[in-house]
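The values are calculated or read from the model by the stated rules, or taken from the named source; none is laboratory data. Every value quoted in this text rests on a predicted model; they were computed, and no experiment measured them. Virtual Cβ from ideal backbone geometry, glycine too; neighbours counted across all protein chains shown. Heavy atoms of the whole protein, side chains included, go into the accessibility calculation; ligands, DNA and RNA do not. Shrake-Rupley method; radii C 1.70, N 1.55, O 1.52, S 1.80 Å.
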Amino acid sequence: MTAEGALDAVMAVMDSSFDPHWREAWTRAQVSDSLVMPSTFLLLGDGEGKAIADGPATGFVLSRQALDEEELLLIAVRPEARGRGLGARLLQTYIAAARRRGVRRIFLEMRANNPAHRLYSRCGFAPIGTRPRYYRAVDGRAIDAITFARDLDD
């Protein structure tokens, strides 16, 4: 898949997956700028949670690596594909790929009221910190950020 095709796939999933109220979606320029960095990794997933190189995506993971640590920047699954374990399979596929890259610890951050908390916990991530009032919803409400981590030597 071309870089432009990968960007289109990410944006199609993101546009359908993120509620604008929470202001979590990235712009096309933000994703594009991230994808050209050599430390950024993109995993596109099909309807089974398997990595794909081409075609329309049902989900994606975008991450950034620094030495043996990685930050999971974004994960999304199309709303019509949710509730079937796809997010967990996509996350496990991503974790396996990160291990192959030599990653020993993955971090992620999410808003405190995000239902993805259950997914992250089931996949071995544990909360390690809070940033009070870090996110701001469209209505101006401040929401804490929770930082999670998972060690990969387990």
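What to note about this one:
- As a fraction of the 1.4 Å probe accessible area of the chain, surface on carbon and sulfur atoms comes out at 52 percent.
- Counting only protein heavy atoms and a 1.4 Å probe, the stretch 1-129 has 51 square angstrom of accessible area per residue.
- Average Cα contact separation per residue, the stretch 82-154, under 8 Å, 6 or more apart, as relative contact order %: 37 percent
- Interatomic Cα distance distribution for the stretch 62-129, bins of 5 angstrom, percent: 3, 15, 28, 27, 17, 8, 2, 0
- Only Lys, Arg (+1) and Asp, Glu (-1) charged, at Cβ; the stretch 1-79 dipole about Cα centre in debye: 160 debye
- Sequence-separation-based contact order of the chain, relative, with Cα cut under 8 Å and 6+ spacing, percent: 20 percent
- Taking the Cα centre of the chain as origin and assigning +1 to Lys and Arg Cβ atoms and -1 to Asp and Glu Cβ atoms, the resulting dipole is close to 420 debye.
- Sorting Arg122, Arg150, Arg28 by solvent-accessible area of protein heavy atoms yields Arg122, Arg28, Arg150, largest first, with a 1.4 Å probe.
- With only Cα atoms counted, the stretch 1-111 has Rg and Dmax values of 13.1, 36 Å.
- Between the C-alpha center of the stretch 48-82 and that of the stretch 132-154 there is a gap of 19 Å.
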